[in-house]
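These notes concern the structure reproduced below.
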């Protein structure tokens, strides 16, 4: 199943119709490094295993084609944010009722969706658990006027299996990127 999702991912990537949505995570840089700055770029702040599968995939794609695929983070507190947005620490979770205080509202997310013109994309790859797939499905249903394909390899799975499904998805994407772009590797930039 993830093989066909990976094929759809590659097709949309090649046609510039793909937007990746990566779920925020409970584990953040401040948990590992209490001396971290108060504000950190979102791409560096989240350290959960599902998030890291997505980031590894995007780095690999950038290594092969010279640029990252388009992606945003779905933050339970801030909504749809750029990976380069400097964010503070927080403790709100989209998939848990115990932390609904501070949860971004659906109407705020609809406004962000429109501001960022996300309805122009035909395919969304959701790098996260079911609650995030559900929220993006709700947004595409209310905001998009055309057929939208959601790629949700971790949907319906418990955390351990979801991480495994995203790893397999990433590996299948990597195989296809390597078969398409072969040895045309871009030099790796130091991180």
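Computed from the coordinates by the stated procedures, all read-outs in this text should not be read as laboratory data. Source: prediction; values computed, not measured. Please note: Cβ atoms are built from the backbone with ideal geometry, for glycine as well, and neighbour counts cover all protein chains shown.
Across region 1-67, how large is the tail of the calculated P(r) beyond 18 Å, expressed as a percent of all Cα pairs? Please report the intermediate quantities before stating the final value.
Numbers: 1073 of 2211 pairs.
The proportion of pairs with Cα distances above 18 Å equals 49 percent.
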Per-residue ellipticity at 222 nm attributable to helices in the chain (runs of n ≥ 4 DSSP H, -39500 (n - 2.57) apiece, nearest 500 deg cm²/dmol) works out to -14000 deg cm²/dmol
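Among rounded, prolate and oblate, which fits region 124-179 when a ≥ b ≥ c are the square roots of the eigenvalues of its C-alpha gyration tensor, a/c under 1.5 means rounded, and a/b larger than b/c means prolate? Intermediate values should be presented prior to the final figure.
Values: a/c = 4.20, a/b = 1.38, b/c = 3.03.
Judged from the Cα gyration tensor, region 124-179 comes out oblate (a/c at least 1.5, b/c at or above a/b).
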So for the chain: antiparallel DSSP bridges make up what percent, rounded to the nearest 5? 35
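Over region 2-181, what relative contact order in percent results from Cα pairs under 8 Å that are six or more residues apart?
Values: 295 pairs, mean separation 53.7, N = 180.
The value is 30 percent.
Going by C-beta contacts inside 10 Å, put 73, 61, 29, 180 in order with the fewest on the left.
Values: 73 26, 61 22, 29 16, 180 13.
Final ranking by Cβ density, sparse to dense: 180, 29, 61, 73.
For region 1-150, what D do you get in µm² per second when you plug the Kirkwood radius from alpha-carbon pairs into Stokes-Einstein at 37 °C and 0.692 mPa s? Show your work: numbers first, answer last.
Working: Rh = 15.9 Å.
It comes out at roughly 206 µm²/s.
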GNM result for the chain, Cα springs below 10 Å: residue of 62, 141, 107 fluctuating most strongly: 107
